[in-house]
1. Looking at LEU133, LEU102, LEU152, LEU142, can you tell me which residue is open to solvent by 60 Å² or more (accessible area, probe 1.4 Å) and modelled with pLDDT of 90 or more?
2. Right, LEU81: more than 17 Å from ALA236 (Cβ to Cβ), more than 21 Å from the chain's Cα centre (by Cα), part of a loop (DSSP other than H, G, I, E, B) and among the hydrophobic types (A, V, I, L, M, F, W, C) or not?
3. Out of the residues in region 259-304 that are in a helix (DSSP H, G or I), of a type in the set (Phe, Trp, Tyr) and at pLDDT 85 or above, state the one that is surrounded by the most Cβ atoms within 10 Å (Cβ to Cβ).
4. Return a yes/no flag: does region 250-260 have any residue that is among the basic types (Lys, Arg) and closer than 30 Å to GLY40 by Cα.
5. So ASN215 clears everything in (1) under 30 Å from LEU81 (Cα atoms); (2) open to solvent by 40 Å² or more (accessible area, probe 1.4 Å); (3) in contact with a Leu (Cβ under 7 Å, 6 or more places away or on another chain) except one condition, right? Which one?
6. Every residue in region 1-34 that is touching a residue at least 40 places away in the same chain (Cβ under 8 Å) and among the basic types (Lys, Arg), please.
7. Among the residues of region 113-128, is any within 30 Å of LEU255 (Cα to Cα), open to solvent by less than 60 Å² (accessible area, probe 1.4 Å) and in the same structural domain as ILE241 (by the TED database)?
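The values are calculated or read from the model by the stated rules, or taken from the named source; none is laboratory data. All of these numbers come straight from a predicted model, not from anything done at the bench. With ideal geometry, Cβ positions are generated from the backbone for all residues, glycine too; neighbour counts draw on all protein chains shown. The accessibility values were calculated without ligands, DNA or RNA, using every heavy atom of the protein model including side chains. Shrake-Rupley method; radii C 1.70, N 1.55, O 1.52, S 1.80 Å.
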Amino acid sequence: MEVIKLAFRNNKFKFGFGMLIAFIIFGLIGPLFTPFASDGLYYEQVGKIKIASYSAKTLPPMTRENITTYTGKKVEVLHILGTDKEGKDLYTELVYGLRTSLWVAFLAAIIGTITGITIGFVSGYKGGLVDELLMMFVNIMLVIPSIVLLILVAAYLEARSPEIQALIIGLTNWPWVARSVRAQTLSLKNREFVHMSKIMGVGDLRIIVEDILPNMISYIFMTGILQVSGAILASATLDFIGLGPTTMVSLGVILQKAIMHNALQFGWWWWFIPPGLFITLIITSLFFINLGLEEVFNPRLRGV
């Protein structure tokens with residue numbers, strides 16, 4: 001509780017946290033302000049099926065339009081951020097794309113962090129042959145560029161859901177976490193309180209969870225934030241080269257389509273600036289959160 005109080009007294013943390021929460025809230029309630037489906041199209045219920053109606057192409061922001069549905073009904077809609085070259089509402093795509101990108105980033109960060117700290121704890125605490133084998137595997141993973149692995153795995157899969165993309169990113173972004181956690185575990189396992197637990201017959205797993213882990217909570221938490229930031233960039237990179245989710249829209253997919261349709265050359269700024277700005281601001285918010293937490297966890301930086 002004391003750490004939380006200190007965090008919310010830190011201006012950098014409050015700024016970053018507030019910005020991130022704003023994006024999360026926007027992703028949750030944003031769809032309430034649009035009549036379009038997640039793919040940016042307007043659907044009409046005809047019997048038991050829904051039939052899509054396309055809007056006019058490349059309309060600028062804040063344009064009102066009368067859409068003629070399949071049954072001839074006229075519906076007036078407002079395109080808050082205009083439409084793309086396929087006649088899809090960009091505000092709607094941006095909202096659902098934000099949801100997808102945040103979900104992929106947080107899920108990938110959880111997978112990468114848990115994988116990294118597990119291997120790091122086991123390697124550092126056990127030592128010997130176990131340590132050598134695990135570190136050999138980690139070093140191999142570090143030598144191979146993660147972006148190459150991401151591209152190879154993603155390209156092999158024909159259908160890619162956000163969860164699959166998060167799994168791919170998470171399982172290729174853990175080695176540096178493992179090395180860092182191992183280094184700290186090597187130091188902590190030689191402390192007196194760990195030796196006392198061993199003398200009392202406490203099991204290895206319990207020692208790691210109850211003695212070593214609590215002394216690394218601050219580092220692991222900050223590592224998780226860095227993992228989210230890295231996952232956002234990795235996800236956008238895969239999306240941008242056409243290896244993003246095939247089942248849902250994301251911020252990177254919107255950018256990829258904008259470049260593919262030459263939105264920059266034609267001056268359709270409302271197509272590529274909002275998703276690019278969102279990615280930049282999310283990473284900026286995570287940077288300030290990490291900066292603030294570093295000051296909270298380090299008394300020297302707080303001036304204490």
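1. LEU133
2. The answer is yes for LEU81.
3. For region 259-304, the residue satisfying everything is TRP271.
4. yes
5. Result: ASN215 passes all but (1).
6. LYS12, LYS14
7. Yes, because at least one residue in region 113-128 is within 30 Å of LEU255 (Cα to Cα), open to solvent by less than 60 Å² (accessible area, probe 1.4 Å) and in the same structural domain as ILE241 (by the TED database).
One line per residue, one yes/no per condition, for (1) assigned by the TED database to the domain that holds GLN165; (2) part of a helix (DSSP H, G or I); (3) at positive phi; (4) of a type outside the set (Phe, Trp, Tyr):
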{"position": "LEU6", "(1), (2), (3), (4)": "yes, yes, no, yes"}
{"position": "ARG9", "(1), (2), (3), (4)": "yes, no, no, yes"}
{"position": "THR100", "(1), (2), (3), (4)": "yes, yes, no, yes"}
{"position": "PHE106", "(1), (2), (3), (4)": "yes, yes, no, no"}
